[in-house]
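The values are calculated or read from the model by the stated rules, or taken from the named source; none is laboratory data. Small disclaimer: the values here were computed from a predicted structure and weren't measured. Backbone-built Cβ (ideal geometry, glycine too); neighbour counts: all protein chains shown.
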Amino acid sequence: MSASKPSDSTGPILPLRLQAFTNLIRLPNQTGTLLLLFPTLWSLALASQGWPSTKLILIFVVGSFMMRSAGVIMNDLADRSFDGQVERTRHRPLVSGQLRPKHALVLLLTLLLGAGALLSLLNPLTWLLSPVAVLLAGIYPFCKRFLHIPQLMLGVAFGWGGVMAWAAVRDQFEITTWLLFAATVCWAIVYDTIYAIQDRNDDMRIGVKSSAILFGSYTWLCVGLTATFMLFFLSLAGEINQLGAGYFAGLALVSILMGYQVVLLRSDVSAELAFKLFRQHCWIGLIVLIGILLGTFNRTYVS
């Protein structure tokens with residue numbers, strides 16, 4: 001009887017620890033990775049005129065996963081004191097005690113080193129841009145303490161991935177680089193404002209800032225205006241690069257989907273519906289990407 005006690009008490013530790021690590025990086029939910037990835041794919045596709053190399057696609061897919069995972073670890077380390085007071089986040093591994101900060105720091109360092117190894121496969125201009133990406137990822141979690149629209153900083157961080165992707169292809173910046181960057185910033189404000197609706201009441205109680213709180217009853221209007229700016233920047237990028245009808249058809253579909261979300265936001269939105277609307281933006285990112293590919297095909301083979 002006594003001989004079996006050590007195995008009973010220690011046997012499940014490793015699986016539970018592994019599960020805690022997967023929860024720490026949100027492995028079961030890769031929506032955030034896709035939202036970071038799509039702007040890089042937009043840039044890769046447009047900068048390479050519809051034919052991005054397999055090498056660059058793989059680097060930015062893996063890099064987006066690593067950097068998003070690193071980003072959420074930074075977020076959880078910064079927000080330990082807040083997460084325990086929010087219903088949605090109070091079971092996160094660092095709050096519940098499943099992991100200690102030192103465990104999170106080791107995984108964070110491992111992910112950053114892995115992302116750094118990927119950079120060695122890219123050109124020097126992209127290397128020079130990479131410290132900015134890490135800095136933005138580290139600053140963002142603290143923005144909710146002093147910035148009423150922390151979603152703006154999220155957009156800058158996510159948009160920087162697109163800037164790096166463009167540099168990896170063209171080894172220079174062009175006006176399209178910054179149009180895609182601006183569109184990504186606007187897009188992040190849209191979807192992360194919707195995401196923040198889930199925690200609006202808790203955030204107000206504990207003093208955390210968000211655009212969902214700042215916009216209040218005008219959230220639908222502010223989201224609609226920001227989405228309009230996103231579409232404007234994407235349209236300009238299409239005009240400058242002479243993309244075909246397929247691209248603008250994709251933007252028309254995106255405008256319909258976003259318009260539908262704005263209509264829903266005019267009434268009270270539950271946390272469940274807010275999360276559902278947030279996840280729909282993965283489809284929006286995919287539609288824009290397909291539109292770019294179709295637009296470059298039309299330009300090359302039809303015109």
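Every residue, every condition in (1) closer than 30 Å to W127 by Cα; (2) crowded, with 19+ Cβ neighbours inside 10 Å; (3) out of contact with any Asp or Glu (no Cβ under 7 Å at 6 or more places or on another chain); (4) not small (G, A, S), yes or no:
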| position | (1), (2), (3), (4) |
| --- | --- |
| R170 | yes, no, yes, yes |
| I175 | yes, no, yes, yes |
| L179 | yes, yes, yes, yes |
| V185 | yes, yes, yes, yes |
| A188 | yes, yes, yes, no |
| I197 | no, yes, yes, yes |
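Within the stretch 173-195, which residues are more than 18 Å from Q242 (Cα to Cα) and of a type in the set (S, T, Y)? Hits for the stretch 173-195 are T184, Y191, T193, Y195.
Can you go through A165, A188 and tell me which one is assigned to a helix (DSSP H, G or I), modelled with pLDDT of 95 or more and touching a Ser or Thr at 6+ places or on another chain (Cβ under 7 Å)?
Values: A188 fails: touching a Ser or Thr at 6+ places or on another chain (Cβ under 7 Å).
Of the residues listed, the single one that is assigned to a helix (DSSP H, G or I), modelled with pLDDT of 95 or more and touching a Ser or Thr at 6+ places or on another chain (Cβ under 7 Å) is A165.
Residues that are in contact (Cβ under 8 Å) with a residue 24 or more places away in the chain and not in a helix (DSSP H, G or I) within the stretch 28-40 comprise just one, Q30.
With the requirement that a residue be out of contact with any Phe, Trp or Tyr (no Cβ under 8 Å at 6 or more places or on another chain) and farther than 13 Å from I290 by Cβ, what does the stretch 253-263 give you?
First, pick out the residues of the stretch 253-263 that are out of contact with any Phe, Trp or Tyr (no Cβ under 8 Å at 6 or more places or on another chain): 253-256, 258-261.
Across the stretch 253-263, the qualifying residues are S255, I256, M258, G259, Y260, Q261.
Restricting to the stretch 197-214, name every residue that is part of a helix (DSSP H, G or I), free of Cβ contacts under 8 Å to residues at least 12 places away in the same chain and of a type outside the set (A, V, I, L, M). The one that is part of a helix (DSSP H, G or I), free of Cβ contacts under 8 Å to residues at least 12 places away in the same chain and of a type outside the set (A, V, I, L, M): N201.
So, Q242, is that one among the polar types (S, T, N, Q) and either modelled with pLDDT under 95 or assigned to a loop (DSSP other than H, G, I, E, B) (or both) or not? Walk me through how you get there before you give the answer.
Working: among the polar types (S, T, N, Q): yes; either modelled with pLDDT under 95 or assigned to a loop (DSSP other than H, G, I, E, B) (or both): yes.
For Q242, the condition - among the polar types (S, T, N, Q) and either modelled with pLDDT under 95 or assigned to a loop (DSSP other than H, G, I, E, B) (or both) - is met.
Contact annotation: residue pairs with Cβ atoms under 7 Å, 6 or more positions apart or on different chains, pairing a residue in the stretch 267-292 that is touching a residue at least 24 places away in the same chain (Cβ under 8 Å) with a partner that is hydroxyl-bearing (S, T, Y) and surrounded by fewer than 18 Cβ atoms within 10 Å (Cβ to Cβ), are R279/T31; C282/T31. T296 passes every criterion in (1) out of contact with any Leu (no Cβ under 6 Å at 6 or more places or on another chain); (2) within 22 Å of V185 (Cβ to Cβ); (3) surrounded by 21 or more Cβ atoms within 10 Å (Cβ to Cβ); (4) touching a residue at least 24 places away in the same chain (Cβ under 8 Å) apart from (2).
Can you tell which of A237, A227, A252 is under 18 Å from the mean Cα position of the chain (by Cα), modelled with pLDDT of 95 or more and small (G, A, S)?
Details: A237 fails: under 18 Å from the mean Cα position of the chain (by Cα); A252 fails: under 18 Å from the mean Cα position of the chain (by Cα).
Exactly one residue qualifies, and that residue is A227.
For the stretch 44-102, give me the residue count where each residue is within 18 Å of L180 (Cβ to Cβ) and of a type in the set (S, T, N, Q). So the answer is 3. Considered as a group, the residues in the stretch 255-293 that are of a type in the set (F, W, Y), within 19 Å of the chain's Cα centre (by Cα) and surrounded by fewer than 21 Cβ atoms within 10 Å (Cβ to Cβ) include one that is farthest from G216 (Cα to Cα), and that residue is W283.
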